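Scroll down for the structure; my scribbles are underneath it.
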Amino acid sequence: MRTNILVRMLVILGIYFGLRYFGGYWGNLAIYPIAQFVTFLHEFGHAFGAIITGGEVLNLQVSPDGSGFTRTAGGSRAVVLMGGYLGSAIFGNILFYIGARMEKFSEWALYLLSAAMIFSALFWFNSIYTTGMLCAFGVFLFIVAAKTDWDSVILMFLGLASILYIIQDFNVGPTSDLKKYAELMVFIPANVWMYIWLFVAILLTFLNLRFVFKKGKEVEAVSGPYA
């Protein structure tokens, strides 16, 4: 099983790096939906942080250029701010783990992800583009879950690509969040928080990979009249 997971992981890494760094115009075009998905995870992390700390989400935006924002009210500002970067890292690792080790739940994970995207698009409406893109992505995931056997592969690809995107762009994506977080936690500057968040994201990924490739207990065959 671990060999199968490793092979799939290496293929995904090859596709991701091939498209992003060697694919040129068409490669960037092919990986564009992943960038939009990562932005959604980031903004959904802000929204989730608000909800679990007693706040509410007013609207959520994913822009064509890969940027985005989420307007919230109430809740813990510290959790909401860090929820974008660290939340997306957590969600990406969860998706990868389910796809790699919990294949029988992959279909339902895709249904849940599809529902989250469509819910965000409709109930946290901010723009026609965001609603259209999230609904289209959500419908695509629903069709994959309902009509294909690619559930686990798609989850692994989305999860791993999201993790890589987040880690590689650590000094770009969360810039505004870091600035606001540093204003809130004045005793540590923004550039230090940037590396703290990066370290946490890498640590989460490392621990996740250990769980993914953890060897299960061997089952010994027992023979005899009472076996």
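The values are calculated or read from the model by the stated rules, or taken from the named source; none is laboratory data. Since the structure is predicted, the reported quantities are computational estimates derived from the model, not experimental observations. Note: ideal-geometry Cβ built from the backbone for every residue, glycine included; neighbour counts use all protein chains shown.
Collect the residues in region 12-33 that are surrounded by 13 or more Cβ atoms within 10 Å (Cβ to Cβ), within 27 Å of Lys215 (Cβ to Cβ) and either more than 19 Å from the chain's Cα centre (by Cα) or not aliphatic (A, V, I, L, M) (or both), keeping them in residue-number order.
Tyr16
Provide a single number: the residues in region 90-114 that are farther than 23 Å from Leu207 by Cβ and buried (at least 24 other Cβ atoms within 10 Å of the Cβ).
Going through region 90-114 one residue at a time, the tally reaches 1.
Considering Phe142, Phe125, which residue is among the aromatic types (Phe, Trp, Tyr) and either assigned to a helix (DSSP H, G or I) or under 24 Å from Leu207 (Cβ atoms) (or both)?
From the options Phe142, Phe125, the qualifying one is Phe142.
Could you list, in sequence order, all residues of region 37-89 that are under 13 Å from Lys180 (Cβ atoms), buried (at least 16 other Cβ atoms within 10 Å of the Cβ) and aliphatic (A, V, I, L, M)?
Val79, Val80, Leu81, Met82
Determine whether region 46-56 contains at least one residue that is in contact (Cβ under 8 Å) with a residue 12 or more places away in the chain, within 25 Å of Thr130 (Cβ to Cβ), in contact with a strand residue (DSSP E or B) (Cβ under 6 Å, 6 or more places away or on another chain) and not in a helix (DSSP H, G or I).
Yes: one or more hits.
Assuming Phe137 fulfils every condition listed in (1) in a helix (DSSP H, G or I); (2) under 26 Å from Ile167 (Cα atoms); (3) without any contact (Cβ under 8 Å) to a residue 40 or more places away in the chain apart from one, which condition is it?
(3)
For a quick check of your reading of the model, give me the residue pairs whose first member lies in region 184-213 and is without any contact (Cβ under 8 Å) to a residue 12 or more places away in the chain and of a type in the set (A, V, I, L, M), whose second is in a helix (DSSP H, G or I) and surrounded by 15 or more Cβ atoms within 10 Å (Cβ to Cβ), with beta-carbon atoms closer than 7 Å and at least 6 apart or on different chains.
These pairs meet every condition: Ile188/Ala182.
So how many residues does region 115-126 have that are surrounded by fewer than 19 Cβ atoms within 10 Å (Cβ to Cβ) and either hydroxyl-bearing (Ser, Thr, Tyr) or at pLDDT 95 or above (or both)?
Initially, region 115-126 is screened for residues surrounded by fewer than 19 Cβ atoms within 10 Å (Cβ to Cβ), giving 115, 119, 122-123, 125.
Of the ones still in play, those that are also either hydroxyl-bearing (Ser, Thr, Tyr) or at pLDDT 95 or above (or both) are 115, 119, 122-123.
Selection size over region 115-126: 4.
Hey, any hits in region 167-177 for a residue that's among the hydrophobic types (A, V, I, L, M, F, W, C), within 22 Å of Tyr16 (Cβ to Cβ), modelled with pLDDT under 90 and in a helix (DSSP H, G or I)? Lay out the reasoning, then the answer.
We begin by selecting, within region 167-177, every residue among the hydrophobic types (A, V, I, L, M, F, W, C); these are 167, 170, 172.
Now restrict to residues that are within 22 Å of Tyr16 (Cβ to Cβ): 167, 170, 172.
Then drop every residue that is not modelled with pLDDT under 90, which leaves 167, 170, 172.
From what's left, in a helix (DSSP H, G or I): 167.
For region 167-177, residues among the hydrophobic types (A, V, I, L, M, F, W, C), within 22 Å of Tyr16 (Cβ to Cβ), modelled with pLDDT under 90 and in a helix (DSSP H, G or I): present.
From the list Tyr32, Tyr85, Tyr21, which one is of a type in the set (Ser, Thr, Tyr), in a helix (DSSP H, G or I), out of contact with any Ser or Thr (no Cβ under 8 Å at 6 or more places or on another chain) and more than 25 Å from Ser127 (Cβ to Cβ)?
Just one listed residue meets the conditions, Tyr21.
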